[in-house]
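I have placed the structure first, in the form of C-alpha cells, so that the comments after it can refer back to it.
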Amino acid sequence: MMLSATLFAQETVIEVQGTAEYQREVERYQAEITVSPLNYYSYDQQDKPSLDELTEQFFERMKGIGFDRSRFKPAEKPKYYSSAQEEESIILQFDTSSEAELSKLVNIKRLNGIYVSGGQTYYKPLTNPEKIIAAALKDARENAAAIAKVLGKDVGDVVLVTDQSRLYAGQPDAFYAGEETGKYYLLVKFATK
C-alpha cells in the first residue's frame, strides 16, 4: 500500500493506492520455437543433423501429435533470439487459444536441438472496467480512511485519480508466468475534513 499525506494551507490531502483483483480471460497463447543444430547435443558431433533435417524432424513430431505444418509461421520479430545462431537456426511462431495444445507443444523440450524459446499470453479486453475501477476506488477510500483516522480527520472528496493499470490490463504476459487473476491499481488523492 502506497501512502502519503501533504499539508496545503492547513488542508491535509491523503494519497493512497487502491487495488482490485479481476479475472483475466485468455484470448490466445503464442509460442516461439527455436530449431537449431547448434543446440543439438551428441557424443559424436558428426551425427548432428542439418537445419533442414532437424526442421523436418520437428514437423514430423508435430504431425504425430496432431499439429499441421501450416500452424507454424516464421517469427517476424523473435523475442528471444541469439544473433550467434542467425545462420543456423529458424524461429517459428505458433498461436493457439487452447491451453491443452500449448501444453502439448511445450513438451517438445524433449526434442534434441528444438525448444520453446519464448512465448506470451494475450488477454481479452476488460469486459466490465467500471466495476473493477469502482472496487479499486473503494479500496483506496478504505486505505485513506485508516490514515485519516490516525490524523484525527475524516476522508473528504476525491481530489485526483491516476489510473495505473488501464494500459496494462490487456497486455500480454509470458505464458509460463501468466496469471488468471489480474490486479488493477489506482492512485487516489482525497481531501480531508
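The values are calculated or read from the model by the stated rules, or taken from the named source; none is laboratory data. Small disclaimer: the values here were computed from a predicted structure and weren't measured. Ideal geometry is used to build each Cβ from the backbone, glycine not excepted, and the neighbour counts take in all protein chains shown. Each accessible area value is taken on the protein alone, full model and side chains, heavy atoms only, with ligands, DNA and RNA left out. Shrake-Rupley method; radii C 1.70, N 1.55, O 1.52, S 1.80 Å.
Selection within the range 108-117: residues that are more than 13 Å from Glu32 (Cα to Cα) and surrounded by fewer than 19 Cβ atoms within 10 Å (Cβ to Cβ). The member of this set that is modelled with the highest pLDDT is Asn112. Just one residue in the set Gln46, Gln23, Gln57 is open to solvent by 50 Å² or more (accessible area, probe 1.4 Å), free of Cβ contacts under 8 Å to residues at least 12 places away in the same chain and of a type outside the set (Val, Ile, Thr); that residue is Gln46. The residue that is modelled with the lowest pLDDT, counting only those in the range 73-107 that are more than 21 Å from Glu180 (Cβ to Cβ) and touching a helix residue (DSSP H, G or I) at 6+ places or on another chain (Cβ under 7 Å), is Gln85. A residue that is touching a Pro at 6+ places or on another chain (Cβ under 6 Å), modelled with pLDDT of 85 or more and open to solvent by less than 50 Å² (accessible area, probe 1.4 Å) occurs somewhere in the range 122-143. Evaluating Pro49 against the criteria (1) assigned to a loop (DSSP other than H, G, I, E, B); (2) within 30 Å of Tyr184 (Cβ to Cβ) leaves one unmet condition, (2).
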